[in-house]
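Just below is one structure, and these are the notes that go with it.
The values are calculated or read from the model by the stated rules, or taken from the named source; none is laboratory data. Please read all numbers here as calculations on a predicted model, not as lab measurements. Cβ atoms come from the backbone with ideal geometry, glycine included; neighbour counts cover every protein chain shown. Remember, those area values only see protein heavy atoms, side chains included, never the ligands or the DNA or RNA. Shrake-Rupley method; radii C 1.70, N 1.55, O 1.52, S 1.80 Å.
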Amino acid sequence: MRPGVQARAARPEDLDDLVHLSMEARKETGVGAQLCTDDAERLRRQLGAFLAVDGGLVLVGTIDDQPAGLLLARLVGPSLFSDSASLALEALYVMRTARRRGLGHVLVATAAEAAEQHGAAEVYAAPLPGARGMQRFLARLGFAPAAAYRVAGTAALQRRLAHDATAGTGARRPGTRGLEDLIARRRQAREARQPLEEQTASLSVQVNPTVALRRTSPSSRGIW
């Protein structure tokens, strides 16, 4: 760890700095609401709730005592599908001007110590889509792919579900008609071939005895 680079548990008086860092992260990533709100007062309340929640972990990273990064995580489990607890890393950010000085490593190392103290067997991280730098950073630390998150707005999801329900009981869903037409054409083709196949089978029955006679003929032994 380089001199002057530290990470510590956030305190209520750090809320202003946490809001500033979160807003900077939001502007840099360009993913908008997937990261956090752009309403500073609302964000302050959310971070305050995260500080107070049981199992929440909020770290402030500093360089020469100046806030320059943050880490948000929470302890999860044991649960229905896991016998042990884990640490879910929700957000990790270091300001551009403070990078390549080891602050990200210090933040993750402090979180890993907290995970060990609470008996968490694993640490999960979900970097935002397009955050290639963060993905490379986590990969260098040994984080491997485990799952992929997908997000949908509640209102948009409900509209799509309602549309699919209507389509299932009334109008045909897109693509269904084309598939049914293809199946019908194949069935017609099979029915058209069937009489020809039956004629071919009948002819082969009539020819086979002749072929059998030719095979037993002395004059044809050299060929068969």
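A few comments on the model shown:
- Chymotrypsin sites (Phe, Trp or Tyr not before Pro) within the range 20-103: DSSP coil, no more than 13 neighbouring Cβ in 10 Å: 81
- Cα gyration tensor shape for the range 1-114, rounded if a/c is under 1.5, else prolate or oblate: oblate
- Sites residue 109 and residue 42, calculated FRET efficiency, Cβ-Cβ separation with R0 25 Å, nearest 0.05: 0.20
- Of all accessible heavy-atom area on the range 46-165, the percent that carbon and sulfur account for (1.4 Å): 54
- Under Karplus coefficients 6.51, -1.76 and 1.60, residue-wise ³J(HN,Hα) of the range 115-124 in Hz, glycine/proline x: 4, 5, 4, 9, x, 6, 7, 9, 10, 9
- The residues of the range 1-115 have, on average, 56 Å² of accessible surface per residue, using a 1.4 Å probe with all protein chains present.
- Between amide H atoms placed 1.01 Å from N, distances below 5 Å from residue 123 occur with 87, all of them 5 or more places distant or on a separate chain.
- Where trypsin sites (Lys or Arg not before Pro) fall in DSSP loop in the range 69-119, at most 10 other Cβ within 10 Å: 100
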